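The values are calculated or read from the model by the stated rules, or taken from the named source; none is laboratory data. From a predicted model like this one, the values you see are computed outputs, not experimental measurements. All Cβ positions, even for glycine, are placed from backbone atoms using ideal geometry, and neighbour counts span all protein chains on display. Each accessible area value is taken on the protein alone, full model and side chains, heavy atoms only, with ligands, DNA and RNA left out. Shrake-Rupley method; radii C 1.70, N 1.55, O 1.52, S 1.80 Å.
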Amino acid sequence: MLENTRNKYLYNKTQIIELNKEGIVLNSDNQLYNIETQTSIAYFHPFFETIISLIEHENQEYTFSCIHLDINSESKTFDIIFNSGSREINPLLIFFDFTEHYNNFQNIAQEKNESILSFHLAELKNQQLESEKNFKNKFLANVSHDLRTPISASLWFVGMLEKSDLTASQKEITQLLKETNDHIKHLVDDILDLSKIEMGEVKIQVASFDLVEMINHIEKIISPKIRAKNLNFNVLKDTHLPRLVIGDKTRIVQIIINLLDNAVKFTKKGSITLSVSLQSSDNNNATICIKVIDTGTGIKANDKNEVFQSFKKLHNSKKIDGSGLGLSIVSNLLALMGGTIDYQTEINMGTTFTIELPLLIDTTSTNKAEPFEYIKLTHKKNILIVEDDEINQLLLMKLLLNHGGFNINIANNGFQALEMIENNVYDCIFMDKEMPEMDGIKTTSLIRSNPNVTINSTPIIIVSGHTLQSENEIYNAIGFNGYVVKPYKKEDLFETIYAVLKLKNS
C-alpha cells in the first residue's frame, strides 16, 4: 500500500539522473523529461553548467531550492539535489517538481502582501482622517472663542438697551439686533455641539425635572416665532404624562426647539403642532412620544436617507436660513439618550417628526426650583480682571460693580497681570484664555509657580469660549478653580464666584 501511495504522489514528481565525472548523462529514469544518454547534462539546460563544476568536490551534497527552468516551452519550478559522488559512486541529480507548491505559495504570499498593504493603507487613511478631525475640532474650538466673545458682549448690551427708554423705532431695531445675535449664537452652538459629539465630549447630564413645565417653557420660547409668521400653534399634552421625570432636560429642550425651528422655517401657512404623550410605562420607566407636525413644504423623497447627515440642507433656497446641522445634532443627541427619531413627509403637505424617548419616572423628588439668590457681602472682595478685549472688560466690570460687593482692577494682558499681583492682594482673578503676548494658560501657570504662597494660592476663574470636556480637564490640571463659558448668564457668573470663594448667605 505504501509503495502504491508513493508511486501515486511522488513517482511522477521526481527524476533521477546518473552522471559520470565529466557531467555526461549515464542513466535517467525520464519520469519528467526525456534526456539522452551519452550527452552532457549542460545540453539539457545551461543551469547545469554550475553542476558540472561541482563534481570535482567529492562526497558533497548540494540543494538548490526554487529553481525556475524553461524546458520545451514549459516553465516549471524545481528543488534540485546534487550529490557529487566519490571514486566508487557516480554523481547523482534528483529533480523534485514543486511547481504547484511554489505557485500556491506565491499566491498566498501575494495575497498576504496585498492584505498587509491594504491594512497599512487603511491605517494611514484612518490616521489622516483622525488628524483632519482633530485639526477641525481644534480650529472650531479656537474660532468659537473669537465668536463667543463679541456675541456675549452684544447680547448683554442689547439686553441693557431693552431696559432703557426707547422709541418705537428704536425698539424695533433693538429687537432685530437681538434676533440676529440669537441666530448667530444658535449657529455657533450647533457647530460646536457637532464637534463635541464627534469627539465624544458630550455627556448626558440627568436630573429630575417637571416634564409639563418643560413643555410650557418650550411653548413660551417658540410661540413668538410662530405668531410672527401668522401660523397656528397647537400644543397637545397627554393627561397621563408623568409630572416628574429624570433625564437631560437641557438636551431634550434643545432637540424639541431644533425640530420646531425647522417647522417654522419650512411652513408658510397652516399650523405647527407639538404633541407629547405617554407611549408606555413600566414601574419607574416611561417612554415618551414627542411629535412635531407641520403643514410645510415637506422633504423630497431622494433626501430620505440624508436628512440626519451633517451639513445636509433640505432646501436650496437662500431665503431659508440654516447650516444643515440641526437634524444631525438631534439624531446624535437622541442616540446618546437611548431614543429614536423617524419622520413621515408629503411634498407641499407637511412633515411629522416622531421621537421615542425613554425616561425614568421620579417618585421621590418634589422638584421645586429655587430662584437664584444673590449673596450680600459685608466686606468687598478684590477682583482682578485679566482681559484684552475692552468690551468684555466693560461687560464683566459692570456686572461685578452692579452687584455692589466687589472692587475691580483690570489687566490688559498676562504681563500686566503678573506685575499687578506682585503689588496687590486679590481675592479672585478672572482670566481670559485667549490673549495676545501671553495667554491665560501660560499666565496662570506662572502664577501657580510663584514662590509667594499668597499669590500662588489666589483663586483663578478662566473665561473661555471653549466648552470641550478635555479642555476642562486641562484647566483643572493647570490650577484653575472654576470656569465660565461665553456667552454666560449673570446667574452662572455669580454662581461660579460664590462657589470658588466659598460664599454663602449668613
Task: Pick from the stretch 267-303, criterion at pLDDT below 90 and in a strand (DSSP E or B), ranking: farthest from residue 352 (Cα to Cα) - done: 282
Open item on the list: Step by step: first the residues of the stretch 63-90, then only those that are out of contact with any helix residue (DSSP H, G or I) (no Cβ under 8 Å at 6 or more places or on another chain) and assigned to a loop (DSSP other than H, G, I, E, B), then the one that is nearest to residue 20 (Cα to Cα). Which residue is that?
Closed with: 90
TODO: Just one of (1) of a type in the set (Val, Ile, Thr); (2) open to solvent by 10 Å² or more (accessible area, probe 1.4 Å); (3) over 30 Å from residue 279 (Cβ atoms) trips up residue 363, so point out which.
DONE: (3)
Open item on the list: Can you list residue pairs whose Cβ atoms sit under 6 Å apart, with the first residue in the stretch 405-426 being within 15 Å of residue 455 (Cα to Cα) and the second being in a helix (DSSP H, G or I) and open to solvent by less than 40 Å² (accessible area, probe 1.4 Å)? Count only pairs 6 or more apart in sequence or on different chains.
Closed with: 414/443; 417/443; 421/455
- [ ] Could you check how many residues of the stretch 103-130 are closer than 30 Å to residue 483 by Cα and modelled with pLDDT of 80 or more?
- [x] 0
- [ ] Find the residue count for the stretch 19-32, including only residues that are among the acidic types (Asp, Glu) and either closer than 15 Å to residue 43 by Cα or crowded, with 18+ Cβ neighbours inside 10 Å (or both).
- [x] 1
TODO: Please enumerate the residues belonging to the stretch 458-483 that are within 15 Å of residue 496 (Cα to Cα) and modelled with pLDDT under 75.
DONE: 472
Open item on the list: Take the residues in the stretch 57-101 that are under 59 Å from the mean Cα position of the chain (by Cα) and among the hydrophobic types (A, V, I, L, M, F, W, C); name whichever of them is most open to solvent (accessible area, probe 1.4 Å).
Closed with: 98
Open item on the list: Condition check: without any contact (Cβ under 8 Å) to a residue 40 or more places away in the chain, part of a helix (DSSP H, G or I) and either under 35 Å from the mean Cα position of the chain (by Cα) or surrounded by 18 or more Cβ atoms within 10 Å (Cβ to Cβ) (or both). Does residue 438 satisfy that?
Closed with: no
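Here's the yes/no breakdown for (1) part of a helix (DSSP H, G or I); (2) closer than 30 Å to residue 197 by Cβ:
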{"site": "32", "(1), (2)": "no, no"}
{"site": "101", "(1), (2)": "yes, no"}
{"site": "106", "(1), (2)": "yes, no"}
{"site": "139", "(1), (2)": "yes, yes"}
Open item on the list: For residue 202, only one of the following conditions fails: (1) open to solvent by less than 30 Å² (accessible area, probe 1.4 Å); (2) assigned to a helix (DSSP H, G or I); (3) modelled with pLDDT under 90. What is its number?
Closed with: (2)
- [ ] Tell me, please, whether a residue that is open to solvent by 10 Å² or more (accessible area, probe 1.4 Å), small (Gly, Ala, Ser) and free of Cβ contacts under 8 Å to residues at least 60 places away in the same chain can be found in the stretch 336-351.
- [x] yes
- [ ] Would you please name the residue that is modelled with the highest pLDDT, looking only at residues in the stretch 364-382 that are of a type in the set (Val, Ile, Thr) and farther than 19 Å from residue 498 by Cα?
- [x] 364
- [ ] Residue by residue through the stretch 34-62, note down the ones that are assigned to a helix (DSSP H, G or I) and either of a type in the set (Ser, Thr, Tyr) or on the phi > 0 side of the Ramachandran plot (or both).
- [x] 43, 50, 53
Task: Among residues of the stretch 474-491, those that are free of Cβ contacts under 8 Å to residues at least 24 places away in the same chain, in a helix (DSSP H, G or I) and either open to solvent by less than 70 Å² (accessible area, probe 1.4 Å) or at positive phi (or both), counted - done: 1
- [ ] Could you please give the count of residues in the stretch 219-238 that are assigned to a strand (DSSP E or B) and basic (Lys, Arg)?
- [x] 1
